[in-house]
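> There's a structure below that I have some questions on.
The values are calculated or read from the model by the stated rules, or taken from the named source; none is laboratory data. Being a predicted model, the structure only gives us computed values, none of them experimental. Cβ placement follows ideal geometry from the backbone for every residue including glycine, while neighbour counts extend to all protein chains displayed.
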Amino acid sequence: MERCQIADRNGDAFRMTETKETEIDRRARTKELAAQHLERGDALGWFDALYKEAAGDNEKIPWADLEPNRYFRTWAEGTVLKGADRKALVVGCGLGDDARYLDDLGFKVTAFDISPTAIEWAKRLHADRDIQFEVMDVFEPFREWLGNFDFVLEVYTIQPLPLEMRARTIDSIAAFVAPFGELVVVTRGREDDEEPNELPWPMSRAELGRFADNGLRQISFDVMPGDDETPEQRFIVAYRRDH
């Protein structure tokens, strides 16, 4: 019996080590692809390259676990978020798990990503839902989308972009929020005096303050601890446009 228990523990340890090594490998490959595209002056092309390279295997994409973001879900449950047929937009939706979660909550959901491969994949995964998935560059938005959404969700799409694009990205995302609408941002967080050293670059409170410059009032700022794989704290910040 004791030998069996030891064998079980050893097996669990092996599986945990294997999982951790896989996680390290896929994050390293993601950073490699991003660096290659940045060297060519293409800050956005690596997203579609990564989805294409994954060839339908979500485990090759660090953020694609086929579940809604757990930090956003915790926030949504804590605030008893309800859609009530309001129009929601998911920024950089990837495979659409957050979009599906908002659909579960009763929102009328639109979601976009710059990667055509990701959008086609999301459409297949969520074919049973009435979610509008679109290919779009956040810097070249459909004009009819500007100021047109009651609820906008941004999860981890600002932090992987180069720091020099951060202000422009924030401005573009804020522009989707309708009068009296809300925006929720989920990001890795850092202190204002802490320098970000590698991709994905965490956001500071000072940087997040730019949303206020775009007419959005901060209504809550939650900090949640990270995990073993990504120990950085998470900021979950909610904003509202008052008019």
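> Go over the candidates Gly226, Gly189, Gly215, Gly147 one by one and state the one that is surrounded by 12 or more Cβ atoms within 10 Å (Cβ to Cβ), more than 24 Å from Gly94 (Cα to Cα) and either outside the structural domain of Thr30 (by TED's automatic domain parsing) or in contact with a Leu (Cβ under 6 Å, 6 or more places away or on another chain) (or both). Steps first, answer last, please.
On the way: Gly226 fails: more than 24 Å from Gly94 (Cα to Cα); Gly189 fails: more than 24 Å from Gly94 (Cα to Cα); Gly147 fails: more than 24 Å from Gly94 (Cα to Cα).
Of Gly226, Gly189, Gly215, Gly147, the one residue that is surrounded by 12 or more Cβ atoms within 10 Å (Cβ to Cβ), more than 24 Å from Gly94 (Cα to Cα) and either outside the structural domain of Thr30 (by TED's automatic domain parsing) or in contact with a Leu (Cβ under 6 Å, 6 or more places away or on another chain) (or both) is Gly215.
> Can you say whether Phe180 is touching a His at 6+ places or on another chain (Cβ under 8 Å), at pLDDT 95 or above, assigned by TED's automatic domain parsing to the domain that holds Met224 and at positive phi, as far as the supplied structure shows?
yes
> If you don't mind, another one. Looking at the range 60-75, I want the residues that are polar (S, T, N, Q) and have a partner that is assigned to a helix (DSSP H, G or I) with Cβ atoms under 9 Å, at least 6 apart or on another chain. Which pairs are those?
Asn69/Asp97; Asn69/Asp98; Asn69/Tyr101
> Among the residues of the range 183-208, which ones are over 23 Å from Asn69 (Cα atoms) and among the small types (Gly, Ala, Ser)? Give the derivation first.
Taking the range 183-208 first, the residues over 23 Å from Asn69 (Cα atoms) are 192-195, 197, 206.
Ala206 - this is the single residue of the range 183-208 that is over 23 Å from Asn69 (Cα atoms) and among the small types (Gly, Ala, Ser).
> Which of the residues that make up the range 137-154 are of a type in the set (A, V, I, L, M) and either more than 17 Å from the chain's Cα centre (by Cα) or under 15 Å from Val109 (Cα atoms) (or both)? Lay out the reasoning, then the answer.
Taking the range 137-154 and keeping what is of a type in the set (A, V, I, L, M), we get 138, 146, 152-153.
Within the range 137-154, Leu146, Val152, Leu153 qualify.
> Right, here's the next one. Where residues in the range 66-104 are assigned to a loop (DSSP other than H, G, I, E, B) and out of contact with any helix residue (DSSP H, G or I) (no Cβ under 7 Å at 6 or more places or on another chain), which of them is surrounded by the most Cβ atoms within 10 Å (Cβ to Cβ)?
In the first step, residues of the range 66-104 are kept if they are assigned to a loop (DSSP other than H, G, I, E, B); the result is 66-69, 80-86, 92-96.
Filter again for out of contact with any helix residue (DSSP H, G or I) (no Cβ under 7 Å at 6 or more places or on another chain), leaving 80-82, 84-86, 92.
On the way: Val80: 7, Leu81: 20, Lys82: 11, Ala84: 10, Asp85: 9, Arg86: 18, Gly92: 25.
Result: Gly92.
> Next question, about the same structure. Going residue by residue through the range 45-67, is there one that turns out to be more than 23 Å from Asp222 (Cα to Cα) and in contact with a Pro (Cβ under 6 Å, 6 or more places away or on another chain)?
Taking every residue of the range 45-67 in turn, none turns out to be more than 23 Å from Asp222 (Cα to Cα) and in contact with a Pro (Cβ under 6 Å, 6 or more places away or on another chain).
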